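The structure appears right after this line, and notes come after that.
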Amino acid sequence: MGPVRIVAALMMAGAVAATLAAADARARLLGSWRLVQYDVFDASGQARPGSFDNGLITYDASGQMSAQLMRGRNRARTAPGNDAERAAAYGSYLAYYGPFTVDEARGVVVHKVVGSSYPHWVGTDQVRYFTLSADGRRLDLSLRDGDRVTQTLRWERVE
């Protein structure tokens, strides 16, 4: 086998390995996850609680995801009766769905938003950096601005 064929074979093996790794990470993401913690970090790295304290994210085998997040504490339990109450209800809930892809090498899952309660998210890619615990029971999804983590959502697998 000549050097060109060896290089081509090594490149093919690398591509296959990357595909298998992404498939493994994708398989580990499948299922439903309950939000247990949401932190937002300022430029100095100081954490504060995020906007939502309750949520569910689901990844299914067909390659679709959906996320529901809400602020459960102090949220009105009655139907909104005026514009201010409707605005408060809208501001305390986020839902979106669409297909997802996984890039294991970068540690990224991309949510390709098809529908959302935030109209400006429709048609966007919501990039989340992920880490999965070794036992598969915890998932951390982080947002970044360059190299700086700006938000982290911690999820526990729903059994």
For the chain, what class follows from the C-alpha gyration tensor (a ≥ b ≥ c being the square roots of its eigenvalues): rounded when a/c is under 1.5, otherwise prolate if a/b is larger than b/c, else oblate? prolate
Of the candidates PRO99, VAL113, VAL158, the farthest towards the positive dipole end of segment 61-159 (Lys/Arg Cβ +1, Asp/Glu Cβ -1, centred on the Cα centre) is VAL158
With all protein chains present, how much of the accessible area of the chain (probe radius 1.4 Å) comes from carbon and sulfur, to the nearest whole percent? 56
In nm, to one decimal, how far is the modelled label at HIS120 from the one at ARG138, with both set 7 Å along Cα→Cβ? 3.3
Compare ALA79, ALA47, ALA88 in a GNM of the chain, Cα atoms joined below 10 Å, and give the one with the largest fluctuation. ALA79
The chain, helix-only ellipticity at 222 nm - DSSP H runs n ≥ 4, -39,500 (n - 2.57), divided by all residues, nearest 500: -7500 deg cm²/dmol
Quick calc, ALA88 & GLN37: beta-carbon distance into FRET formula, R0 35 Å, rounding 0.05, result 0.90
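The values are calculated or read from the model by the stated rules, or taken from the named source; none is laboratory data. Note that the structure is a prediction, hence the values are computed from the model and not measured. Backbone-built Cβ (ideal geometry, glycine too); neighbour counts: all protein chains shown. Quick note on the areas: whole protein, heavy atoms, side chains included, nothing else; ligands and nucleic acids left out. Shrake-Rupley method; radii C 1.70, N 1.55, O 1.52, S 1.80 Å.
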